[in-house]
Amino acid sequence: MRRSQSCLLLLCGLPMIVVGMGCGGDNPRGRKAISGRVTVDSSPLEQGNIEFHPLFEGGLQSGGRIVGGKYSIPAPEGVVPGEYRVAIEDFVPTPPTPAGYMPGDPLPPSPKSKIPAQWNSKSQHKIEVKKEGPFKFDFDIVTKK
């Protein structure tokens, strides 16, 4: 009888152990969801990308899409507390190839990026993510003085 009770307890308890092992597995590094707005000369950036590059040992790079001037990165892809360099790029569509184009013909110039290099390839803009929020960071890129 004791042996069957032990087996019953083991069989009943096993699912609880398995469920307990799965708890907290979605975000073991403690990443934080991060969101905000991106404007260029006070207008929302319609489409682009934002990246957060860690400036500390053991940091995790993160990033996401900007749509309609907003970005939102969920916790599983988010950032851990620390200081980050921010890089922002806009979506610059490739112009269509002109009708009748022949190899060697000049192509129309690509549209120019709205975002200056000081906000992407040469960015020195930083944020600090703390253990307790807020986790909302807005960026207003000024190109006109």
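None of the figures in this text is laboratory data; all of them are computed from the coordinates on show. Computed from a prediction, not measured in an experiment: that's the story for all the values here. Here the Cβ positions follow ideal geometry from the backbone for every residue, glycine too, while neighbour counts run over all protein chains shown.
When the distances between all Cα atoms of the range 25-79 are binned every 5 Å from zero, what whole-number percent does each bin get?
All Cα pairs, binned at 5 Å, distribute as 5, 20, 25, 20, 15, 9, 5, 1, 0 percent.
In nm, to one decimal, how far is the Asp140 label point from the Lys70 one, both placed 7 Å along Cα→Cβ?
Simple spin-label model gives 1.9 nm for this pair.
Tell me, what HN-Hα J-couplings in whole Hz come from the Karplus equation 6.51 cos²θ - 1.76 cosθ + 1.60 at θ = phi - 60° for each residue of the range 32-38, using x for Gly and Pro?
Values, residue by residue: 10, 5, 9, 8, x, 10, 10 Hz.
Could you derive backbone 3J(HN,Hα) for the range 83-99 from the dihedral phi with the Karplus parameters 6.51, -1.76 and 1.60 (θ = phi - 60°), listing whole Hz in sequence and x where the residue is Gly or Pro?
These are the phi-based 3J(HN,Hα) values: 9, 10, 8, 9, 10, 10, 10, 9, 7, 10, x, 6, x, x, 6, x, 4 Hz.
HN-Hα J couplings of the range 117-134 from phi, Karplus 6.51/-1.76/1.60, θ = phi - 60°, integer Hz, Gly and Pro as x?
Taking θ as phi minus 60°, the curve returns 4, 5, 10, 10, 4, 10, 4, 10, 6, 10, 10, 10, 9, 9, 4, 10, x, x Hz for the range 117-134.
Would you order Lys130, Lys144, Lys70 from fewest to most other beta-carbon atoms within 10 Å of each residue's own beta-carbon?
Listed from fewest to most nearby Cβ atoms, that is Lys144, Lys130, Lys70.
Going by amide H atoms built from the backbone, whose H comes under 5 Å of the H on His125, apart from near neighbours?
Result for His125 returns Val86.
Where Rh denotes the Kirkwood radius from the mean inverse Cα pair distance, what is Rg over Rh for the range 74-145? It would help to have the intermediate numbers written out before the result.
Values: Rg = 18.7 Å, Rh = 15.8 Å.
Answer for the range 74-145: 1.18.
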